[in-house]
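Here is the structure we will look at.
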Amino acid sequence: MRINKFLASSGVASRRGADELIKDGQVKINGKICSPGDEVDLGSDSVTVNGRPVNVVKKFDYYIMNKPKGYVCTVKDDK
């Protein structure tokens, strides 16, 4: 997995934000400063941002809401 996708899926930053962190030299893979095209092995590589370890989220919780009839979901109702 590419490093920017890994950081985005971990909740550190968006992909573009992750690219900026990488260019600034704040991201390390196994203790070495990485470049934007580097790949991360989820099983064996350790990734840190500003010295803090980053873990990928493996489980997601999904919530489903059924909007009942007549329920308005907007900031401003024109009708």
Tally Lys and Arg at +1 and Asp and Glu at -1 over the other residues with C-beta under 10 Å from the C-beta of Asn4: what net charge comes out?
+1
So what is Rg over Rh here for the chain, counting just Cα atoms and using Kirkwood for Rh?
1.26
Total charge of the residues flanking Ile29 in space, meaning their Cβ is under 10 Å from its Cβ, with Lys and Arg +1 and Asp and Glu -1, is -2
Of Lys5/Lys28; Lys5/Lys58; Lys23/Lys59, which pairs sit farther than 18 Å apart, going by alpha carbon to alpha carbon?
Lys23/Lys59
For Tyr71, what charge total do you get from the other residues with a beta carbon under 14 Å from its beta carbon, if Lys and Arg give +1 and Asp and Glu give -1?
+2
Can you return the lysines within cross-link range of Lys69? Criterion is Cα-Cα under 22 Å, with same-chain partners fewer than 8 residues away left out.
Lys79
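Each value in this text was obtained by applying a stated rule to the coordinates, not by laboratory testing. What you see is a predicted model; the values in this text were computed from it and never measured. Backbone-built Cβ (ideal geometry, glycine too); neighbour counts: all protein chains shown.
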